[in-house]
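See structure below.
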Amino acid sequence: QHKSEVEVFQRVGVQEQLWCYEENLKSCPGTLLRMACEVFRPLDECGQGLCSNNGTCICPEGLEPIVEFNFFVGDRISDLDSDNLGSPCLHNENLLQFIYYVSGVCGIVALAVQISLAERIAVLRHVWGNVTTLVLQVIGCAYRSADPEAFFGVDAFFTFVAVNTLSFSTVGMAQAFANYMYALIKGEEWSSSRVEKYIQGYDKISRIGIVFLLIVAQFGWIASFVKQDLALVFVKLFLWANFSISIGSIISCLVFVRKYKQDLDTVARFKGNLSPSDDLSTQPELEHWVYRFTKKVNIVYVALIPFACVCVVLYFLPAVWPMWLLFMPYLTPLSGIIWGLLNLIYLRARFFAKRRKRNRENGGEGRNKFPKRINQGGEVVRVQTLDDEELSAGEDELI
């Protein structure tokens, strides 16, 4: 009876299907008492589909009841035609296959560019989180494209790859922020031991956070082997772990920007022999010098805005809103596309930044070529030469 009703629905449409249920189910013993389908507000009952009297969502052609990230309806299943599934009609396999294909291509291109721009293999160890993310992204997209029924929470291997792709992207972003922080204070024209100490502390804490994240995140794929209720707890634990580490990185970056700007202002006043109450605009050349460094550190804000939005959409909302969790089958590959594009934008910016640096070294610029350094006590001193060995030795600690 159910399979014939599905065929009628796909053939004659919504209005006729309503009539089909009203007429046919009245003559079926035991079906007058209507069972409820699952409702995920603000979606309508069954989304774009219809709820039958036995609590099953009947979907229009092209859509199927959602299976991935569905820890709310019945027991775990691997068959979209199950008569026991009453979840909304949200699964569009053709659209998902297209998104996974684009995500895989973005991952391949970003990974190839990342490797090609690395001056030596050792450089890649500073971005191991990002490289691992791209490798897992390509593997996951290829695996899902080869097997369209490799669903999250059903296929253990795909679930493992998806969980760790998202987790390593969080690790990669934390490392990217640390790398950029260190690049800003590395000491071309000025440096601050206070800011350097802060970055060292951030780096140590972030490493602890990374270990915590990568351990807790594994509950996300272990959810493939447990019952629905416990699986939902494990998946939410994975989401909250990623969200907490991401928020920690955002707060740390905001504190860094504030400390950086404070010490930049101190150095600028030292260069111009200005008191704390003097206005920098009285010396246009000095004001331009401050603006050049301020513009660099403000890039952190530009990066934090989309990162914060992704964290809310990808981790926070699915953890607190059941309906949003059902959209994760689409959000997971879409996040791969965003990650690949962000990598390409970052690598392009890094390429041009290196070229501008070489041009400055050849031509020279600035009002005072002696580097300045702020010590722990806040005193600014002139440095005749930079201790390159000290900087390179500290690189491993800071990145």
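The values are calculated or read from the model by the stated rules, or taken from the named source; none is laboratory data. Since this is a predicted model, take the numbers as computed values, not measurements. We place every Cβ from the backbone using ideal geometry, glycine too, and count neighbours over all the protein chains shown. With ligands, DNA and RNA removed, areas are computed over all heavy atoms of the protein, side chains included. Shrake-Rupley method; radii C 1.70, N 1.55, O 1.52, S 1.80 Å.
Data for the structure
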| item | result |
| --- | --- |
| Accessible surface of region 214-265 [probe 1.4 Å, protein heavy atoms]: carbon and sulfur percent | 74 |
| Peptide ranges 272-278, 144-150 listed from the most packed, as the mean C-beta count within 10 angstrom indicates | 144-150, 272-278 |
| Cα-projected label distance for residue 156 with residue 205, points at 7 Å along beta-carbon direction, nm | 3.8 |
| Accessible area (Å², per residue) of region 266-340, counting only protein heavy atoms and a probe of 1.4 Å | 46 |
| Cut-off under 5 Å, modelled amide H: who pairs with residue 91 long-range | 64, 66 |
| Region 195-253: radius of gyration and largest Cα-Cα distance (Dmax), Å | 14.4, 49 |
| Region 111-158 - accessible surface per residue (Å², probe 1.4 Å) | 46 |
| Translational diffusion coefficient (Stokes-Einstein; Kirkwood radius from C-alpha pairs) of region 166-323 at 37 °C, 0.692 mPa s, in µm²/s | 185 |
| Cross-link pairs beyond the 29 Å C-alpha cut-off, checked among 271/296; 204/295; 197/271 | none |
| Burial ranking of peptide ranges 252-258, 333-339, 224-230, 114-120 (average Cβ count within 10 Å, highest at the top) | 333-339, 252-258, 224-230, 114-120 |
